[in-house]
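Take a look at the structure set out below.
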Amino acid sequence: MAMQYDVSSSHLNSNGLACVGRVRVKGLLISSTAAGGTVNIWDSITANIAATYEQAATLVTVTLVAHGLITGNKVGISFSTASGVSATNGNYVVTVLTSSTFTITDINSRTIVAGTACSYVSNAGNSNTQWHITVDIAAVAGTTNVVIPGEGLLMETGIYISMSTTTIPSVTIFYG
């Protein structure tokens, strides 16, 4: 395979849009404090939405007042941990219970208390918006280089980066 020469980069010091359009993510350079943190990569041109969740067996209930989703919509979602465990990050079809709650079925069975943080993007408009990857950085100050193998992660609409902004001061993303 020939080397790719048209690789670009974006540097972010806070959550934000890295690029718009169809590209492949090749790698990340993540700076972290001694507390470590988390970086999420979304195939989206809009910010992820903060919500809370709870899990009982494989049923995950997400709570957000006026979420605006309908049953059958898809969300890409990333979950925070509670007592050392979290629901499984991924892309799911939702079942709406109320205007403030919807459920998804996790591939793993757990018990997680209500009020645990999560964030999601919705592809309700039939876009390709979705969650792609979460990178957890160890509690060590420094720089972590993440290489995406093969041809990289295909993003159809753009690259949106969310990070633990108090513990991840910057992310440089390489794409082409």
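Is there a residue being within 30 Å of A57 (Cβ to Cβ), in a strand (DSSP E or B) and aromatic (F, W, Y) anywhere in the range 121-140?
Yes, the range 121-140 contains at least one residue that is within 30 Å of A57 (Cβ to Cβ), in a strand (DSSP E or B) and aromatic (F, W, Y).
T98 versus (1) surrounded by fewer than 20 Cβ atoms within 10 Å (Cβ to Cβ); (2) more than 17 Å from the chain's Cα centre (by Cα); (3) in contact (Cβ under 8 Å) with a residue 24 or more places away in the chain: which is the lone unmet condition?
Among (1) surrounded by fewer than 20 Cβ atoms within 10 Å (Cβ to Cβ); (2) more than 17 Å from the chain's Cα centre (by Cα); (3) in contact (Cβ under 8 Å) with a residue 24 or more places away in the chain, T98 violates only (3).
Provide a single number: the residues in the range 1-59 that are in contact with a Lys or Arg (Cβ under 9 Å, 6 or more places away or on another chain) and either on the phi > 0 side of the Ramachandran plot or free of Cβ contacts under 8 Å to residues at least 24 places away in the same chain (or both).
Of the residues in the range 1-59, 1 are in contact with a Lys or Arg (Cβ under 9 Å, 6 or more places away or on another chain) and either on the phi > 0 side of the Ramachandran plot or free of Cβ contacts under 8 Å to residues at least 24 places away in the same chain (or both).
Would you check if T81 is at pLDDT 95 or above and not hydrophobic (A, V, I, L, M, F, W, C)?
So T81 does not fit the description; no.
Restricting to the range 156-175, and then to whatever is within 11 Å of R22 (Cβ to Cβ) and of a type outside the set (A, V, I, L, M), can you tell me which residue is surrounded by the most Cβ atoms within 10 Å (Cβ to Cβ)?
The first filter runs over the range 156-175 and keeps only residues within 11 Å of R22 (Cβ to Cβ), leaving 156-159, 175.
From the residues that got through so far, the ones that are of a type outside the set (A, V, I, L, M) too are 156-158, 175.
Details: E156: 14, T157: 20, G158: 20, Y175: 23.
Result: Y175.
Consider the range 141-161. How many of its residues are part of a loop (DSSP other than H, G, I, E, B) and β-branched (V, I, T)?
Step one: of the range 141-161, the residues part of a loop (DSSP other than H, G, I, E, B) are 141, 148-152, 156-157.
Going one step further and asking which of them are β-branched (V, I, T), we end up with 148, 157.
Number satisfying all stated conditions: 2.
Quickly run through the range 105-127 and pick out the residues that are small (G, A, S) and surrounded by 11 or more Cβ atoms within 10 Å (Cβ to Cβ).
A114, A117, S119, S122, A124, S127
So which residues in the range 81-95 are more than 16 Å from the chain's Cα centre (by Cα), in a loop (DSSP other than H, G, I, E, B) and of a type outside the set (A, V, I, L, M), if there are any at all?
Selection gives S83, G84.
Got a number for residues in the range 10-51 being in a strand (DSSP E or B) and surrounded by 15 or more Cβ atoms within 10 Å (Cβ to Cβ)? Steps first, please.
If we filter the range 10-51 for residues that are in a strand (DSSP E or B), which is where we start, we get 10-12, 16-20, 23-32, 37-43, 49-51.
If we keep only those that are surrounded by 15 or more Cβ atoms within 10 Å (Cβ to Cβ) too, we end up with 10, 12, 17-19, 23-32, 37-43, 49, 51.
Residues in the range 10-51 being in a strand (DSSP E or B) and surrounded by 15 or more Cβ atoms within 10 Å (Cβ to Cβ): 24 in total.
Can you spot a residue in the range 128-145 that is touching an Asp or Glu at 6+ places or on another chain (Cβ under 6 Å), surrounded by fewer than 18 Cβ atoms within 10 Å (Cβ to Cβ) and closer than 23 Å to A87 by Cβ?
yes
Going by the conditions given, is N73 crowded, with 16+ Cβ neighbours inside 10 Å, of a type outside the set (K, R) and farther than 18 Å from V146 by Cα?
Against the criterion (crowded, with 16+ Cβ neighbours inside 10 Å, of a type outside the set (K, R) and farther than 18 Å from V146 by Cα), N73 qualifies.
The values are calculated or read from the model by the stated rules, or taken from the named source; none is laboratory data. The model shown is predicted, which means the values in this text are computed figures rather than measured ones. Neighbour counts run over all protein chains shown; Cβ positions are idealised from the backbone, glycine included.
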